[in-house]
Amino acid sequence: MTERKPIEYWLSDMDGVLVHEGRPVPGAEEFVRRLAASGKPFLVLTNNSIYTRRDLSARLAAAGLAVPAESIWTSALATAMFLADQRPEGSAYVIGEAGLTTALHEADFVLTDIDPDYVVLGETRTYSFSQITRAIRLIEGGARFVATNPDPVGPSPEGSLPACGAVAAMITRATGVEPYFVGKPNPLMMRTALNVVGGHSESTAMVGDRMDTDIVAGVEAGLETVLVLTGVTRKDEIARFPFRPHRVVPSIADLIDLV
């Protein structure tokens with residue numbers, strides 16, 4: 001691999017990297033503290049579109065991690081930015097929660113089920129059959145289909161929950177229309193995050209726990225990629241993928257001295 005510039009900007013996934021089942025990963029608190037003290041711009045990235053960045057900041061604070069709201073970037077925010085660029089002051093029928101609806105309102109979108117420009121599917125813990133039916137009929141009527149992320153399942157204390165990607169697959173099966181997924185692994189998510197921090201790909205690192213989302217998105221965006229082994233991808237699975245991270249470390253604690 002070619003030699004890269006020193007890391008001046010940091011992007012990090014949240015679940016599996018900084019927190020695991022609501023608890024901080026050992027070393028995460030010091031890593032975040034070191035980043036804040038260094039003055040280096042950083043963003044915590046998540047495909048979770050349920051919460052606003054203020055909500056997520058509060059949840060991280062409850063886990064002992066001091067991450068300001070402006071240092072969090074979600075697939076909901078990336079989706080709102082994408083749609084505002086594509087169709088300024090457009091309209092959308094939304095299946096999702098406050099993180100997504102707030103982002104779209106702040107992007108000057110009108111949320112409606114009357115002839116919307118888009119059907120936008122996000123995460124929610126209460127997917128409604130009537131909402132899904134309405135989305136199918138609107139897409140059949142010509143609405144464009146956008147989804148915040150392709151994750152098929154999400155975690156819960158009781159086990160896996162169907163997530164955005166799984167519900168999107170149901171809508172696609174019913175309509176024959178594939179959604180445009182904005183969140184990871186779409187490099188658009190990384191490019192919008194880079195724009196937020198004012199970073200450059202050759203001096204930015206992406207830290208993640210999943211080869212199929214975090215790492216591939218970082219690779220496609222030209223970032224330095226770091227896989228931590230505290231989340232989804234195990235060390236023996238790395239060789240199965242046709243791309244490789246620049247670094248593989250046991251946990252975020254092993255990156256503290258790089259800040």
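The values are calculated or read from the model by the stated rules, or taken from the named source; none is laboratory data. Everything numeric here is computed off the predicted structure, so don't read it as measured data. Note: ideal-geometry Cβ built from the backbone for every residue, glycine included; neighbour counts use all protein chains shown. Remember, those area values only see protein heavy atoms, side chains included, never the ligands or the DNA or RNA. Shrake-Rupley method; radii C 1.70, N 1.55, O 1.52, S 1.80 Å.
If you take the beta carbon distance between Glu158 and Phe243 as r and set R0 to 30 Å, what does 1/(1 + (r/R0)^6) give as a FRET efficiency, to the nearest 0.05?
0.35
Could you give the semi-axes, largest first, of the ellipsoid that matches segment 203-245, computed as the square roots of 5 times the alpha carbon gyration tensor eigenvalues and rounded to whole Å?
Over the Cα atoms of segment 203-245, the semi-axes work out to 16, 11, 7 Å.
Measure off 7 Å from each Cα along the Cα-to-Cβ vector at Arg134 and Ala62, then give the distance between these two points in nanometres to one decimal.
A separation of 2.8 nm, rounded to one decimal place.
Cut-off 20 Å, label point 7 angstrom out along Cα-to-Cβ of Glu106: give me the residues of segment 34-56 whose amide nitrogen falls inside.
Under 20 Å, as judged by backbone N against the label point of Glu106, lie 41-56 of segment 34-56.
In deg cm²/dmol and to the nearest 500, what is the mean residue ellipticity at 222 nm of the chain if only DSSP H runs of at least 4 residues count, each as -39500 (n - 2.57), divided by the residue total?
After summing the helix terms and dividing by the residues of the chain, the value is -9500 deg cm²/dmol.
Please check: in the Gaussian network model of the chain (C-alpha springs, under 10 Å), which one of Tyr127, Tyr118, Tyr93 has the largest mean-square fluctuation.
Maximum among the listed residues: Tyr127.
Check the straight Cα-Cα distances from Lys40 and name the lysines below 18 Å, setting aside those fewer than 8 residues away within the same chain.
Straight-distance partners of Lys40: Lys5.
Report in % the part of the accessible area of segment 29-129 that belongs to carbon and sulfur, leaving out ligands and nucleic acids; probe 1.4 Å.
Carbon and sulfur atoms account for 49 percent of the accessible area of segment 29-129.
First check a/c for segment 88-181, with a ≥ b ≥ c the square roots of the eigenvalues of its C-alpha gyration tensor; if it is under 1.5, answer rounded, and if not, answer prolate when a/b is larger than b/c or oblate otherwise.
Details: a/c = 1.98, a/b = 1.30, b/c = 1.52.
Oblate, because a/c is 1.5 or more while a/b does not exceed b/c.
So for the chain, averaging the separation of alpha carbon pairs under 8 Å that are six or more residues apart and normalising by length, what relative contact order in percent results?
Averaging sequence separation for qualifying contacts and normalising by length gives 22 percent for the chain.
Let me make sure I get this right: for the chain, a, b and c are the square roots of the gyration tensor eigenvalues over alpha carbons, sorted descending. Under 1.5 in a/c it's rounded, otherwise prolate if a/b > b/c, else oblate. Which is it?
Numbers: a/c = 1.76, a/b = 1.69, b/c = 1.04.
Prolate.
Any idea what the relative contact order of segment 88-181 is, in percent, if you count C-alpha pairs under 8 Å spaced at least 6 apart?
25
What figure, in Å² to the nearest 10, do you get for the accessible area of Glu202 with a 1.4 Å probe and non-protein molecules left out?
We get 80 Å² for Glu202.
Just to confirm, what accessible area per residue do you get for the chain at 1.4 Å probe, in whole Å²? Write down the numbers at each step before the final one.
On the way: 12220 Å² over 259 residues.
With all protein chains present, the chain gives 47 Å² per residue.
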